[in-house]
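The values are calculated or read from the model by the stated rules, or taken from the named source; none is laboratory data. Everything numeric in this text was worked out from a predicted model, so none of it was measured. Counting neighbours? That spans all protein chains shown, and the Cβs are built from the backbone with ideal geometry, glycine included. Ligands, DNA and RNA are excluded from the accessible area calculation, which covers all protein heavy atoms including side chains. Shrake-Rupley method; radii C 1.70, N 1.55, O 1.52, S 1.80 Å.
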Amino acid sequence: MTSTTKTLEAIKFDRKEIKLEILDQLLLPYSTTYIPIKSIEDGFQAIKLMQVRGAPAIAIVGAFAVVVDTYIYLQAATSNRPIGELIKSIDYLITSRPTAVNLANALNDMKTLIVETECENVNEKVYRALLHYATALYDDDLANNIKIGYHGYKYISDTLKQQNFKGPFSIITICNTGSLATSGHGTALGIIRSTYQSLSKENSNEEFYLQHVYPCETRPYNQGAKLTTYELDYEQIPFTLICDNMVSSLINSLNSKQVKDQSAPIKFIIVGADRIVKNGDTANKIGTFQLSTIAKYFNSKFTKEEQKIKFIVAAPKTTIDLQTQHGDDIVIEERPSNELTTLTGPVLKQSGDVGEKLTVGIATPGISVWNPAFDVTPHELIDSIVTEDEQVYTKDANGEFHLTK
Ligand code: MRU
C-alpha cells in the first residue's frame, strides 16, 4: 500500500490475523509504503536493506518475522519442521545486522524459549511462546520509551536548574531515534519530544525553555535528514537541519560568541545507542563519537557551569550488552561503498510531484571507500546514560560508570 499520508508507525502487526507490515523507510519522506513481511527471509532482507532500521525496531521486526514465519508454516504444514531447523533460521536472521545488540538479544531469548518448550517439532506450543514474546517486546518498548522520555526530560530540567541556566536552549541530535526507529515515541528523540511537551516556550514553568533542535544530516545514510526531520516536522517541533560537519561552527556561533540576540545555546547533545557495554562505552551511528569530542572541546573552554554542554545517551535496557566489557570489543558493521559514492532518491518535479527513483554518482568511479555504520563513544565522554529505569548506570567522580541494576 502506497500513499502520501504521513505516519510515524514503522511496524504494523495484526495480532488477530498474524500479519506483519513495515513502513519502507527507504522511501521516506516522500511516500508512505507498507511492505508485507511473511517469512524470516523477508525479515532478513528488510533489516539488511535498512527498510526498517534503528536498534529497537529491527529487534521487534526480527521477532515478529519469526512469529509470522512459524504461523504460516503451521497453517500450511504438511510435514514436521524440527525445531533445530527453526533455530538455524533464527541464527541466520541474527546475522542481518551485527552491531545493534537488541536484535541478537531478542532472537537469542526466542531460541531459549523454543528449547524450553521441549518440543521436537514446531507446533502450536512453540508458536504461542514466540507470539507472546514478540508482542511483549513491542508493548514493553513503547512503555519503556515513554519512561526514557520522562527521565531524560527530568535530567535536562534538573541540570539546567543546577547550572542556574536561564532562557532558551537548543539540542543537537544525530541519526533517527524516534518513533520510526522503535515501536513508538523513541529514545533520544523521545527525550526531545517529552522535553518539548513540558519545556516549550509556551508550556515551560521554569526559567528556561527548549527553543530549537538541530538534527545532523547523518551521512552516509541520511537518517537525520530523511527521518528525524520528518518526525520533527510531523510533531511541529522547531528545528533546523545541519550537515554533520557543521556542528563545531554551530556551537561556536550559538554558544561561544557573546551574542546579544535571541540565539539559544546548545546545552545538550542527545544520541541513541545500538550497544552499550558494561563500562558504558556506546556504539551508535557513525558521527556520534565526534559529537562527544566536540562537546568536550567546548566544555574545556567554557568557564561558567551554565555554559556547559551535556552529552546524553538514551536507550532501553535491551540495548545493554553485559557480556562485553569494553567498546573495543564491539563488532562494527561495514556497509557497501555505494552508500558513499552514490545518492538514490526520487526525482522531485517542479510541480511538487514525486517522480521516478534515480541513483546518481557523486564520487570518482571505482575508488576505495571505508563505510563503517557505527562508531564507539568512550564512556568518559558521556555524561548520562538514560534508560527506562532510573540510574541504571551511575557515574563516579573519576568518570567511571557503574551498573547499579
Ligand atoms: O543504521 P541504523 O539506521 O539502524 O542506525 C540507527 C542508530 O544508530 C540509532 O541511533 C540507534 O539504533 C538508536 S535507535 C532508537
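Among all residues of region 313-321, there is none that is closer than 30 Å to Asp140 by Cβ, in a loop (DSSP other than H, G, I, E, B) and more than 16 Å from the ligand (Cβ to nearest atom).
Residues that are outside any helix (DSSP H, G or I), more than 23 Å from Asn176 (Cα to Cα) and touching a residue at least 24 places away in the same chain (Cβ under 8 Å) within region 78-112 comprise Asn80, Arg81, Pro82, listed in sequence order. Of the residues making up region 180-203, just one is within 13 Å of the ligand (Cβ to nearest atom), open to solvent by 10 Å² or more (accessible area, probe 1.4 Å) and assigned to a helix (DSSP H, G or I), namely Arg193.
Scanning region 1-12 for residues that are more than 20 Å from the chain's Cα centre (by Cα) and open to solvent by less than 60 Å² (accessible area, probe 1.4 Å) returns a single hit, Ser3. Residues being polar (S, T, N, Q) and not in a loop (DSSP other than H, G, I, E, B) are represented in region 365-380 by at least one member. If you check Asp109, Asp24, Asp69 for being of a type in the set (D, E, K, R), at pLDDT 95 or above and over 23 Å from the mean Cα position of the chain (by Cα), only one passes: Asp69.
Check region 149-161 and report whether any residue there is away from the ligand (no atom under 13 Å from the Cβ), of a type outside the set (Ser, Thr, Tyr), surrounded by fewer than 23 Cβ atoms within 10 Å (Cβ to Cβ) and free of Cβ contacts under 8 Å to residues at least 12 places away in the same chain. Yes, region 149-161 contains a residue that is away from the ligand (no atom under 13 Å from the Cβ), of a type outside the set (Ser, Thr, Tyr), surrounded by fewer than 23 Cβ atoms within 10 Å (Cβ to Cβ) and free of Cβ contacts under 8 Å to residues at least 12 places away in the same chain. Closer than 20 Å to Pro36 by Cβ, among the hydrophobic types (A, V, I, L, M, F, W, C) and within 16 Å of the ligand (Cβ to nearest atom) - does that describe any residue in region 90-99? So far as region 90-99 goes, yes, one or more of its residues are closer than 20 Å to Pro36 by Cβ, among the hydrophobic types (A, V, I, L, M, F, W, C) and within 16 Å of the ligand (Cβ to nearest atom).
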